Amino acid sequence: MLLGRPCHAAPMAIVLGIESSCDDTAVALVEDGWRVLAEASASQADDFAAWGGVVPELAARGHLASLPGLIQVALDRAGLTLAAVGAVAVGAWPGLIGSLLSGVTAAKLVAARRGIPLVAVDHIAAHLAAVHLGREHVPYPHVGLVASGGHSHYYLAREPGRLDLLGGTIDDAAGEAFDKAAACLGLGYPGGPRIDALAARGDARRRPLPRSFLTDDTIRLSFAGVKTALLYQVRGPLGRDPLTLDEAGLADACASFQAAVIDCLVGKLLLAARQQGVRTVAVGGGVACNRGLRARLAAEAARGLALLLPEPIHCTDNAAMIASLGYHRWQRGEVADLDLAPLPTGGTGLRGATLS
Ligand code: KG4
Ligand code: ZN
């Protein structure tokens, strides 16, 4: 049985996507770059809780162990065999090199065994390509923000995966700032979802925090100042008047921190769209799961901005976004050789790089 596939679809337009850049292993089957047929994933988060973070060597081995089974699960869920897959796309950079090697090796094996194209995908560009999932037509050009654990940058997206860097953070990524703020408040890792949950019950105005660069006309973010200001609030300036970290105090601190980060992310997104003369904006990456950010973006959309916002499961790391961008690259003939080598860093620095 073919789940979710209309009978007129060309079966060879199905891409198998593989994502293994950090500790989550994910596999997806996506048709025509937008229709998700099946997804399967495995998290190693519980294994790493005891270590207090990701152990790269263990993560790489975990990917190798789970990938063959996950590919089969995804095929079974879609009611397909590998014979229906037209190309294999894999997140090849940036990421933990051992983790990337596991995914790239699995992708090469499938491509070589089936004699189908292998497509290398940039993980950051894929976070923006996630706007294609479930949406047949995506308007280009648009301005995109990728806000994740390691990245907070703005791009002019000319085509899927063809991105001109407009600017971004000069220090922490937004997700990293959420995680550090949560650690400062004793909330544990990953901090983003915990701050998100508590912020809904807090009052952002009780202890306001600073917003860097908000009123200038540069596409720059900085979260060092808001993080330090939060730390001083928690400890109390000169040790006097520390924040009472009872339930209400925590909720207020989370609401205030989240509001400051959202103001900066959205303020610069609107500025970038104005500067580029576009009315469509896209947001991807794990921070795009944040309910406060989504509500604020929805409010901007109600004022006339066209908003492309993936479902939360396609904002955090996933393989459907890899398959989607892989499809577009494949259609453009941008396929990789079997000697493809993954890279720990991508071409996404703050130097005006173009991703393609
Ligand atoms: O995109 P992602 O899954 O992985 C990377 O490529 O980095 O992003 C993970 C980041 C973490 O820093 C996490 O705290 C943050 O996204 N995050 C959130 C939320 N959910 C995940 N930040 C704020 N609010 C959330 N609901
Ligand atoms: Zn990511």
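The values are calculated or read from the model by the stated rules, or taken from the named source; none is laboratory data. Remember, it's a predicted structure, so these values are computed and weren't measured experimentally. Neighbour counts are summed over all protein chains in view; Cβ atoms, including those assigned to glycine, are modelled from backbone coordinates with ideal geometry. What goes into the accessible areas is simple: the full protein's heavy atoms, side chains included, and nothing from ligands, DNA or RNA. Shrake-Rupley method; radii C 1.70, N 1.55, O 1.52, S 1.80 Å.
What to note about this one:
- Test: residue in region 77-89 that is within 12 Å of ligand 1 (Cβ to nearest atom), part of a strand (DSSP E or B) and in contact (Cβ under 8 Å) with a residue 12 or more places away in the chain: no
- Residue among Val121, Val146 that alone is β-branched (Val, Ile, Thr), within 15 Å of ligand 2 (Cβ to nearest atom) and more than 19 Å from Gln276 (Cα to Cα): Val121
- Criterion applied to Arg194, Arg211 was being out of contact with any His (no Cβ under 8 Å at 6 or more places or on another chain) and more than 17 Å from Gly286 (Cβ to Cβ), and the one residue passing it is Arg211.
- Close pairs (6 angstrom Cβ cut-off, 6 or more residues apart or separate chains): more than 17 Å from Leu198 (Cβ to Cβ) and in contact (Cβ under 8 Å) with a residue 12 or more places away in the chain in region 275-292, of a type in the set (Ser, Thr, Tyr) and open to solvent by 20 Å² or more (accessible area, probe 1.4 Å) anywhere: Gly286/Thr316
- Residues located in region 285-308, provided they are away from ligand 2 (no atom under 15 Å from the Cβ), open to solvent by less than 30 Å² (accessible area, probe 1.4 Å) and not in a helix (DSSP H, G or I): Leu305, Leu308
- Looking across region 15-35, not a single residue is within 14 Å of Leu67 (Cα to Cα), more than 12 Å from ligand 1 (Cβ to nearest atom) and open to solvent by 10 Å² or more (accessible area, probe 1.4 Å).
- Residue in region 169-177 that is modelled with pLDDT under 95 and either out of contact with any strand residue (DSSP E or B) (no Cβ under 8 Å at 6 or more places or on another chain) or more than 16 Å from ligand 2 (Cβ to nearest atom) (or both) present: yes
- Among residues of region 311-326, those that are in contact with a helix residue (DSSP H, G or I) (Cβ under 7 Å, 6 or more places away or on another chain), touching a residue at least 60 places away in the same chain (Cβ under 8 Å) and more than 12 Å from ligand 2 (Cβ to nearest atom), counted: 3
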